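Only one structure is covered here, and it is reproduced in the block below.
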Amino acid sequence: MNDNRKRLLIRNKTIATGLMIGAAILFVVARSHKGHGAWEWVAAFAEAAMVGALADWFAVVALFRHPLGVPIPHTAIIKNKKDVIAGNLAGFIRDKFLASDTLIARMREYDPAEQLAAYLMSRERACGVAKGVTRVLADSLDFIDDERVQQLLRAALSNRVENLDISSSAGTVIDTLRKDNRHQVVLDDLLHRCAAYLATEEAQTRLAGAIDNMCAKEYPLLSAFIPKRDQFAKGVGEKITSRLNALIQEVDADPAHELRSKFDTAVTEFSARLKSDPALRDRIETIKREVVHNQSIADYVMHIGNDLKSWLNDDLAQPQSKVQERISAAVAGLGTTLSRNQGLQESLNEHLETLIIHYGDALRTAIAGHITDTMQQWESDDYTNEIELSIGSDLQFIRMNGTLVGGVIGLLLHAVALLLA
């Protein structure tokens, strides 16, 4: 790329310099003919063209370096004003391109939520996202597989668990659940699950079997005189199930039921014990330390991790990776949901605007600072050469145009002089 720019710069410089030299030669030839006849017009053209070429040559060269190496004031402007240019450029980008109002206006025009939905709905792009995610997964597995990383993770996890007050944390969680009687919702769910299980044939069969076994074991003589013992056990089981379900329905319908009160008392007392009962806290801490330092558990967790890693690696190596397919389907589904839900789109766009408002000033200031610092660290000659390669070839057209336009102006001035004479 730099070679192409350099060749173009050299070519345009050669053309512009050639026109300047050509104008000078033409001026000398015209003057040698004493300016008679048509040579008078040629001399006027060549003289003005030469002056224009020299003036524009001086102007263009003065931007980058001292003309002919002479340190004329206000020359080598770009080189001497590097820090000022860096600051002004960074400020211009910060205030014009990265201003919060500008970014928000462009974002509203672009509608990122709609664009994101359209992007994710494309199967090809969804597959691309899935491949990217799976590549990150694969690289992460290789990173975690490093023994040094594993030692660090084990040490960090062990340290966090060692310092974790499980008893107090559990008590805080229970207190949070107790707010607004939310723990009663847990009780309701447990009761409903219990009622649903008791209504199944499996539960009633097991209950009947347990009753029959209890009678045979505890009351063998009485059990021997019970006719159709299996039907008796089944009937007793159904009655017990019915009474239990009736109790559950009663508790469910009565917010002030005695069972709820006892449950509330039990939860409150257990939460208090977790925070203040030394014996319970010591027991929980002992169990925690045994789990943390148990080599069998550590090996088991390690085996699970290795198995998971092997499964993922094997799946990702397949042409039709199930993980990639699931991720791709999830991405496409997200795009479809986003495209159909106008409220979700508006929410996403509003959150993006909020992010710009909250972090835009800090971000654009950081970017401006980065631009300024980077440009100020450049070597002056390298910085000047880079700018000249970028715009120098176009500036040579100023020299070319100055030569030709100057010559035309010289002809016009000569014509005006003849008219006035």
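Taking each residue of segment 1-29 that is within 16 Å of residue 48 (Cβ to Cβ) and looking for partners that are of a type in the set (D, E, K, R) and open to solvent by less than 90 Å² (accessible area, probe 1.4 Å) with beta-carbon atoms closer than 6 Å, six or more apart or interchain, yields 27/47.
A single member of 256, 246 is within 30 Å of residue 181 (Cα to Cα) and open to solvent by less than 80 Å² (accessible area, probe 1.4 Å), and it is 246.
Residue count for segment 259-278 satisfying the condition of being in contact with a helix residue (DSSP H, G or I) (Cβ under 9 Å, 6 or more places away or on another chain) and farther than 20 Å from residue 176 by Cα: 1.
When you scan segment 275-288, do you find a residue that is open to solvent by less than 50 Å² (accessible area, probe 1.4 Å) and within 39 Å of the chain's Cα centre (by Cα), even just one? Scanning segment 275-288 turns up at least one residue that is open to solvent by less than 50 Å² (accessible area, probe 1.4 Å) and within 39 Å of the chain's Cα centre (by Cα). For residues that are closer than 19 Å to residue 141 by Cα and of a type in the set (Val, Ile, Thr), scanning just segment 310-338, find the one that is farthest from the chain's Cα centre (by Cα). Across segment 310-338, the extreme among qualifying residues is 323. Of 178, 108, 123, all but one fail to be in contact (Cβ under 8 Å) with a residue 40 or more places away in the chain, under 30 Å from residue 259 (Cα atoms) and open to solvent by 60 Å² or more (accessible area, probe 1.4 Å); the exception is 178.
Criterion applied to 317, 366, 330 was being without any contact (Cβ under 8 Å) to a residue 12 or more places away in the chain and within 30 Å of residue 79 (Cβ to Cβ), and the one residue passing it is 366. Which helices (runs of 4 or more DSSP H) does segment 54-140 wholly contain that include 3 or more residues that are over 16 Å from residue 332 (Cα atoms) and among the charged types (D, E, K, R)? Output list reads 100-110. Take residue 365 and decide whether it is of a type in the set (S, T, N, Q), within 40 Å of the chain's Cα centre (by Cα), within 28 Å of residue 81 (Cβ to Cβ) and open to solvent by less than 30 Å² (accessible area, probe 1.4 Å). Criteria not met by residue 365.
The values are calculated or read from the model by the stated rules, or taken from the named source; none is laboratory data. Not measured: the values here are computed from a predicted model. Cβ coordinates were reconstructed from backbone atoms using ideal geometry, including for glycine residues, and neighbour counts include every protein chain displayed. To get the accessible areas, we keep the full protein, side chains included, count just its heavy atoms, and leave off ligands, DNA and RNA. Shrake-Rupley method; radii C 1.70, N 1.55, O 1.52, S 1.80 Å.
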